[in-house]
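A short write-up of the structure that comes next.
Each reported figure results from applying straightforward, stated rules to the coordinates on display, with no laboratory input. Values in this document were obtained by computation on a predicted structure and should not be read as measured data. We place every Cβ from the backbone using ideal geometry, glycine too, and count neighbours over all the protein chains shown.
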2 protein chains.
Amino acid sequence: MHVDDLPIEQKIKYVQDTLFVISGKWKLPILIAISQGSNRFRDIQRQVLPITTRVLTKELRDLEQNKLVIRTVYDTSPVLVTYDVSAYCKSLKPLVDEMILWGKNHRKKLIE
Amino acid sequence: MHVDDLPIEQKIKYVQDTLFVISGKWKLPILIAISQGSNRFRDIQRQVLPITTRVLTKELRDLEQNKLVIRTVYDTSPVLVTYDVSAYCKSLKPLVDEMILWGKNHRKKLIE
DNA sequence: CTGTATCCATGATGATACTG
DNA sequence: CAGTATCATCATGGATACAG
């Protein structure tokens, strides 16, 4: 089944679902930071400045709920927590690549 | 130049640019409505209910600024205004199609 | 280190009325 | 018809302090 064959209401619904998962100021920057090797809370926060702890916590919880991030708690003292992108998260790559390309071109377009 | 070769900060910046242009509750539904033939303010509003005039005005201005929508004012009485998607707007199709596909699959994924 | 709790500022959105 | 103006509401996000 091809995308173009979907009824318009379905298209809008699916697009809005996707936007809901990835939109906002922080979610993709966080995913990119984690996938580049920032696996600890502080590491991510430093990479994605100026995000606050409160907001970062919430964003990580959202991403975990959507199965894009895996949170692992080690029972050490002090407690160690790691964040990793899931295998499922890789399914976002074509979409993110499209966004990068479009955003890159759009900058030029606006200057015209 | 390939997307993967971009430095991480650039990737994040371009993705955020893209998100800024298309995200939010209304922008893509409005673009879809216009491209399907709703070219007048009232037509769009009826198609994208329950959007208010105030919000629709703002969203259309944003889309116009980003060159995705063309607003034409005819000097008649009463005044006639039409909205059309630009040729540039078509460049969004690969991105929107990816979003539709991903959102469609994501619904299934969350049920697992 | 990894968060939680609290308070507060800001912006986005809605309701309604009104204008040319 | 195509908006603008005004007021009210609400969610989001930031600042800061603190806890385990």
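Could you grab the pairs with beta carbons closer than 6 Å, sequence gap of 6+ or different chains, first residue in the stretch B:33-57 and without any contact (Cβ under 8 Å) to a residue 60 or more places away in the chain, second one more than 10 Å from DNA strand C (Cβ to nearest atom) and of a type in the set (Ser, Thr, Tyr)? Hits for this filter: B:Ile34/B:Tyr83; B:Asn39/B:Thr82; B:Asn39/B:Tyr83; B:Ile44/B:Ser38; B:Gln47/B:Ser38. Restricting the stretch A:58-78 to residues that are among the charged types (D, E, K, R), without any contact (Cβ under 8 Å) to a residue 12 or more places away in the chain and under 18 Å from A:Ser38 (Cα atoms), the residue that is farthest from DNA strand D (Cβ to nearest atom) is A:Glu64. Within the stretch B:82-99, residues that are under 23 Å from A:Pro94 (Cα atoms) reach partners that are charged (D, E, K, R) with beta carbons closer than 7 Å, at six or more positions or on different chains, in the pairs B:Tyr88/A:Lys109; B:Tyr88/B:Lys67; B:Pro94/A:Glu98; B:Leu95/A:Glu98; B:Glu98/A:Glu98.
Among the residues that make up the stretch A:28-45, is at least one of them in contact with a helix residue (DSSP H, G or I) (Cβ under 8 Å, 6 or more places away or on another chain), among the acidic types (Asp, Glu) and facing chain B (nearest Cβ under 9 Å)? Checked the stretch A:28-45: no residue is in contact with a helix residue (DSSP H, G or I) (Cβ under 8 Å, 6 or more places away or on another chain), among the acidic types (Asp, Glu) and facing chain B (nearest Cβ under 9 Å).
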